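Data first, discussion second: the structure below is written as structure tokens.
The values are calculated or read from the model by the stated rules, or taken from the named source; none is laboratory data. From a predicted model like this one, the values you see are computed outputs, not experimental measurements. Please note: Cβ atoms are built from the backbone with ideal geometry, for glycine as well, and neighbour counts cover all protein chains shown.
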Amino acid sequence: MRGAAARTWLAEPEADLLPVGYFHVFFTLPAEVAGIAFYSRAMIYDLLFRAASETMLTIAADPKHLCARIGITAVLPTWGSALTHHPHAHMIVPGGGIGSDGSRWISSRPAFLLPVRAVVQEAYIQGHLDGLGPRVSAFSAIRRGSRKPGK
């Protein structure tokens, strides 16, 4: 689809968007967990979506951060651009949300939704660990000690 046809195709869904900026947020599965997904797809993909969405919703609702109920649209690609198994969730999140009292919109800063490295990443990792249970205590030590944030 090119030119005018693409613009026409995009115009209809764009009319449904809020007049705010949007953020592209993604969550990946550590390689140690992604391998399990070959054998337990439903469990691991459910865990990925639950951990990612609960992380975003909880931190956005925190008065120290946005103090709002945000919306999320998420998709699950299971292969990376190099055509390797790489389950991850992509989220499109509006730059703000409904305040905790339900009466007003609270905007995020234009280029900053939530503190990813210090807060979101740690909460997401813990969400995976809680979901997998005690079998992953060794994974917890490896994941936290050997990788840089975002890697």
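Could you please let me know if residue 32 is charged (D, E, K, R), in a helix (DSSP H, G or I) and modelled with pLDDT of 85 or more? No: the conditions fail for residue 32. Looking only at residues of region 80-126 that are assigned to a strand (DSSP E or B) and within 14 Å of the chain's Cα centre (by Cα), we find that the one that is modelled with the lowest pLDDT is 88. Scanning region 12-29 for residues that are free of Cβ contacts under 8 Å to residues at least 24 places away in the same chain and outside any loop (DSSP other than H, G, I, E, B), we see that the one that is farthest from residue 96 (Cα to Cα) is 12.
The residues in region 35-46 that are among the small types (Gly, Ala, Ser) and part of a loop (DSSP other than H, G, I, E, B) can be counted, and the count is 1.
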